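Working notes for the structure below.
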Amino acid sequence: MILNVVKFGTPVLRQKGLRIEAITPTIKRLIADMFETMYAHKGIGLAAQQVGIPTQLTVIDVRGVTDRPSSLEIKGEPADVATFMPLVLINPEITPMGNPVSGPEGCLSFPEIFAEITRPDTVDVKALNAEGLPLEFRCAGLLARAVQHETDHLHGILFIDRMEKKVKEELRPELELLQAETKAELKT
């Protein structure tokens, strides 16, 4: 089922997600619905907060992006990113490993708003997968950016919080309009 993606100005986007303690049928249904929603909106990542549920769950799939490469290592060995997708991260913990690099980002909760965001180019990730089994890997490139962006969501951090002040100031009219439209919709 395609879920509603909440927009900037919806309070749940600022909520830290609760840890998932068990993989229940409800969580499995949420995972399936989040993938369906992400694909329907042509996204590469989606956090539970973005569908109105403050929990530590995100889905990612970078296979459709060919102009921004990703790399992946599992137990120190290179692995094929495509065979690792689609990716479910439950209760993820990330450790920045690489140098800060700037790259373009957008967000399904901020339609048509894009900016250069600086993030570490490599991260180590520990999480549970969709079956509740431990998952550990190192990733770089677009996958590392997506993991960091989505993990931020799980802690109530938005990509606008990572923007340089000058960029955020330039986007202020669009951000204020989006927030006002969202708040008006929430009142109805």
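Any chance region 79-86 includes a residue that's assigned to a strand (DSSP E or B) and either of a type in the set (G, A, S) or modelled with pLDDT of 95 or more (or both)? Yes, there is a match, as at least one residue in region 79-86 is assigned to a strand (DSSP E or B) and either of a type in the set (G, A, S) or modelled with pLDDT of 95 or more (or both).
Identify, please: which residue in region 120-137 is of a type outside the set (G, A, S) and surrounded by 21 or more Cβ atoms within 10 Å (Cβ to Cβ) and is, among those, nearest to R68 (Cα to Cα)? Can you show your working first?
Residues of region 120-137 that are of a type outside the set (G, A, S), as a first pass: 120-126, 128-129, 131, 133-137.
In the following step, the residues that additionally are surrounded by 21 or more Cβ atoms within 10 Å (Cβ to Cβ) were identified as 123, 125.
Values: V123: 16, V125: 20 Å.
Out of the qualifying residues, it is V123.
A residue that is touching a strand residue (DSSP E or B) at 6+ places or on another chain (Cβ under 7 Å), among the hydroxyl-bearing types (S, T, Y), within 22 Å of R119 (Cβ to Cβ) and exposed (fewer than 14 other Cβ atoms within 10 Å of the Cβ) can be found somewhere in region 77-95.
Determine, yes or no, whether I60 is in contact (Cβ under 8 Å) with a residue 24 or more places away in the chain and surrounded by 17 or more Cβ atoms within 10 Å (Cβ to Cβ).
Working: in contact (Cβ under 8 Å) with a residue 24 or more places away in the chain: yes; surrounded by 17 or more Cβ atoms within 10 Å (Cβ to Cβ): yes.
It is true that I60 is in contact (Cβ under 8 Å) with a residue 24 or more places away in the chain and surrounded by 17 or more Cβ atoms within 10 Å (Cβ to Cβ).
Which is in a loop (DSSP other than H, G, I, E, B), surrounded by fewer than 17 Cβ atoms within 10 Å (Cβ to Cβ) and of a type outside the set (V, I, T), of G103, G98?
Numbers: G103 fails: in a loop (DSSP other than H, G, I, E, B).
Of G103, G98, the one residue that is in a loop (DSSP other than H, G, I, E, B), surrounded by fewer than 17 Cβ atoms within 10 Å (Cβ to Cβ) and of a type outside the set (V, I, T) is G98.
Scanning region 149-188 for residues that are among the hydroxyl-bearing types (S, T, Y), more than 11 Å from the chain's Cα centre (by Cα) and part of a helix (DSSP H, G or I) yields one hit, T182. Pairs linking a residue in region 93-109 that is more than 9 Å from D121 (Cβ to Cβ) and at pLDDT 95 or above to a residue that is assigned to a loop (DSSP other than H, G, I, E, B) and β-branched (V, I, T), with Cβ atoms under 7 Å and 6 or more positions apart or on different chains, are L108/V5; S109/V5; S109/V6.
Could we say that A146 is in a loop (DSSP other than H, G, I, E, B), closer than 23 Å to A32 by Cα and at pLDDT 95 or above here? Judged against the criteria, A146 is not a match.
Filtering region 111-118 for residues that are modelled with pLDDT of 95 or more, more than 21 Å from K42 (Cβ to Cβ) and surrounded by fewer than 19 Cβ atoms within 10 Å (Cβ to Cβ) leaves a non-empty set.
Does region 21-30 contain at least one residue that is touching a strand residue (DSSP E or B) at 6+ places or on another chain (Cβ under 6 Å) and either in contact (Cβ under 8 Å) with a residue 12 or more places away in the chain or more than 25 Å from L178 (Cα to Cα) (or both)? Break it down stepwise before answering.
Within region 21-30, the subset touching a strand residue (DSSP E or B) at 6+ places or on another chain (Cβ under 6 Å) is none.
Within region 21-30, none of the residues are touching a strand residue (DSSP E or B) at 6+ places or on another chain (Cβ under 6 Å) and either in contact (Cβ under 8 Å) with a residue 12 or more places away in the chain or more than 25 Å from L178 (Cα to Cα) (or both).
So which of P134, P92, P173 is farther than 25 Å from R29 by Cα and of a type outside the set (S, T, Y)?
Numbers: P134 fails: farther than 25 Å from R29 by Cα; P92 fails: farther than 25 Å from R29 by Cα.
When all the criteria are applied, what remains is P173.
The number of residues in region 3-46 that are hydrophobic (A, V, I, L, M, F, W, C), over 14 Å from S109 (Cα atoms) and not in a helix (DSSP H, G or I) comes to 4.
The values are calculated or read from the model by the stated rules, or taken from the named source; none is laboratory data. All values derive from a computational prediction rather than experimental measurement. We place every Cβ from the backbone using ideal geometry, glycine too, and count neighbours over all the protein chains shown.
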